[in-house]
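Participant: Dropping the structure in here first, questions after.
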Amino acid sequence: MSQPWQLAKAFKPRKSTRPILEQLPAVSTTELKISSLYTGKKHILKPLKIPGIEGIKRSLSAVEFHFRPLHRGQQGRVEAFRLKPIKTGFGSFRYCFHCNTCATPVERLYYFNHSLVCRWCCNGRYVSRAITPASRPALQRMRVETFINNKRVWQHTRERLLKRFGEKALRPQGRMGTKARSLWD
């Protein structure tokens, strides 16, 4: 029995081809510790956990990313990003990259299609926008759990989150609005 033509042409939701930003390798201005530079000298850094980047040069006005060459004996390409200081108050600064394609100041650049771009240029989306609203509490629980297990979290912050979510909610089998069957009942 064949399918009617109405069903054959019916709308079928497709999976999006837009990348999820949390899964892309990224570099941020806080990882490079740009605010700790006051001498204005260029510093050569070890590569971050981004595939294809050999080295990074940073100064107070720009950051250069040196990519691996495609062939032996050749120089790899270099992408340079200007830095913009943003006043945060009380004489302190925070730095942002200027995206080379859209000139938007951003704090994080993503490695997408063998180049570094901002989140608008790679047309990326966050995980919370990619999943259904019913599964968002489970995502929140996972993020809180990884945040609490971080060693750099203040003790009173950890206690406040544990008081709010509870020990059982932070276990891997926690329910917390996900309608999952509890394993300890």
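The values are calculated or read from the model by the stated rules, or taken from the named source; none is laboratory data. Everything quoted here is computed from the prediction, not taken from an experiment. Cβ placement follows ideal geometry from the backbone for every residue including glycine, while neighbour counts extend to all protein chains displayed.
Participant: Can you name the residue in the range 104-138 that is β-branched (V, I, T) and more than 17 Å from G52 (Cα to Cα) and is also nearest to the chain's Cα centre (by Cα) among such residues?
Facilitator: Step one: of the range 104-138, the residues β-branched (V, I, T) are 104, 106, 117, 127, 131-132.
Next, only the ones that are more than 17 Å from G52 (Cα to Cα) stay: 104, 106, 127, 131-132.
Details: T104: 17, V106: 12, V127: 10, I131: 17, T132: 20 Å.
The qualifying residue nearest to the chain's Cα centre (by Cα) is V127.
Participant: For the range 114-132, give me each residue that is touching a Lys or Arg at 6+ places or on another chain (Cβ under 7 Å) and free of Cβ contacts under 8 Å to residues at least 40 places away in the same chain. Steps first, answer last, please.
Facilitator: Kept after step one, since they are touching a Lys or Arg at 6+ places or on another chain (Cβ under 7 Å), are these residues of the range 114-132: 123-125, 128.
Once the filter is applied, which keeps residues that are touching a Lys or Arg at 6+ places or on another chain (Cβ under 7 Å) and free of Cβ contacts under 8 Å to residues at least 40 places away in the same chain, the range 114-132 yields only S128.
Participant: Condition first: in a strand (DSSP E or B) and at pLDDT 80 or above. Now tell me which residues in the range 3-53 satisfy that. Working first, answer last.
Facilitator: Residues of the range 3-53 in a strand (DSSP E or B): 20, 26-28, 43-45, 53.
Once the filter is applied, which keeps residues that are in a strand (DSSP E or B) and at pLDDT 80 or above, the range 3-53 yields I20, A26, V27, S28, I53.
Participant: Let me ask another. Just to be sure I understand, how many residues within the range 79-100 are within 24 Å of Q23 (Cα to Cα) and modelled with pLDDT of 90 or more?
Facilitator: We begin by selecting, within the range 79-100, every residue within 24 Å of Q23 (Cα to Cα); these are 79-81, 95-100.
Now narrow it down to the ones that are modelled with pLDDT of 90 or more: 79-81, 96-100.
Qualifying residue count for the region: 8.
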